[in-house]
Amino acid sequence: IKPIPGVIRPCIPTLVPKEKGGLGILLDVGANADCKSDVLAQFGLLGSLLAEHVYHIASPRVALLNIGEEEKKGDLLRQSTYELMKEQTQYRFVGNVEGRDLFNEKADVMVCDGFTGNVALKSMEGTAKLIRHFLEIEFRAGIYRRLAGLVAWPVLKSLGRRLDPRRYNGASLVGLN
């Protein structure tokens, strides 16, 4: 399988739930552990096209995942990528976002290298499992908490479905013929 002509490297996107409903796209989450700024800037275009044409998000907001929101934050790769993304005209670049912004409404598409994206993805999965584990412990700690757990069961079941990683993860590659 070859890349679409003009695509430097394909990438792996994943969907993330948003606070107000809907979905966001995080890419790359594992195909390219080491990237150059032109590759990351192109991921912005691939993610924007995916958001618009597959998930029907009109004029998707594309951001660079970084360690701060300010333009000059991050290592040299993120700083040079920011400059490339800011100057392009093919998609709506809205600046940097931090890890805490993955689930809010600041951006529809969040761009990062595959190493960072995979760490973020696995951290999200681990956090969801940890919260579930802690809830199970708390709802088993005594008769009154067990009763509270029974009352809360429909809400917890719905929340579990909403946060189930199988609902969001996949192994699609964007940018291939």
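The values are calculated or read from the model by the stated rules, or taken from the named source; none is laboratory data. Small disclaimer: the values here were computed from a predicted structure and weren't measured. Note: ideal-geometry Cβ built from the backbone for every residue, glycine included; neighbour counts use all protein chains shown. Protein only, heavy atoms only, side chains kept; ligands, DNA and RNA dropped before computing areas. Shrake-Rupley method; radii C 1.70, N 1.55, O 1.52, S 1.80 Å.
Here are the numbers for this structure:
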{"quantity": "Region 104-155: projected area of the alpha-carbon convex hull, averaged over directions, in nm²", "calculated": "5.1 nm²"}
{"quantity": "Point-charge dipole on Cβ atoms (K/R +1, D/E -1) for region 79-141, about Cα centre, debye to 20", "calculated": "200 debye"}
{"quantity": "Extended-chain gain in nm, criterion 0.36 nm per residue less alpha-carbon gap, E105 and A58", "calculated": "15.5 nm"}
{"quantity": "Protein accessible area in region 1-108, 1.4 Å probe - carbon and sulfur %", "calculated": "54 percent"}
{"quantity": "Surface per residue (accessible, 1.4 Å probe) for region 1-90, Å²", "calculated": "52 Å²"}
{"quantity": "Within the chain, percent of DSSP bridges classed antiparallel, to nearest 5", "calculated": "40 percent"}
{"quantity": "Reach of K106 by Cα under 24 Å, taken over lysines that are not fewer than 8 positions away in the same chain", "calculated": "K18, K20, K72, K73, K86, K122"}
{"quantity": "Sorted peptide list for 49-57, 61-69, criterion being average Cβ within 10 angstrom, highest first", "calculated": "61-69, 49-57"}
{"quantity": "Student exercise, the chain dipole from Lys, Arg, Asp, Glu Cβ charges, in Debye to nearest 20", "calculated": "880 debye"}
{"quantity": "Helix-only CD estimate at 222 nm, as mean residue ellipticity for the chain, using -39500 (n - 2.57) per DSSP H run (n ≥ 4)", "calculated": "-14500 deg cm²/dmol"}
{"quantity": "Theoretical FRET efficiency, 1/(1+(r/R0)^6), r = Cβ-Cβ of E70 and T127, R0 41 Å, to 0.05", "calculated": "0.95"}
{"quantity": "Mean Cβ count within 10 Å, highest first, over the residues of peptides 33-46, 79-92, 16-29", "calculated": "33-46, 16-29, 79-92"}
{"quantity": "Cα-based helix-to-principal-axis angle, 76-87 vs the chain, degrees rounded to 10", "calculated": "70 degrees"}
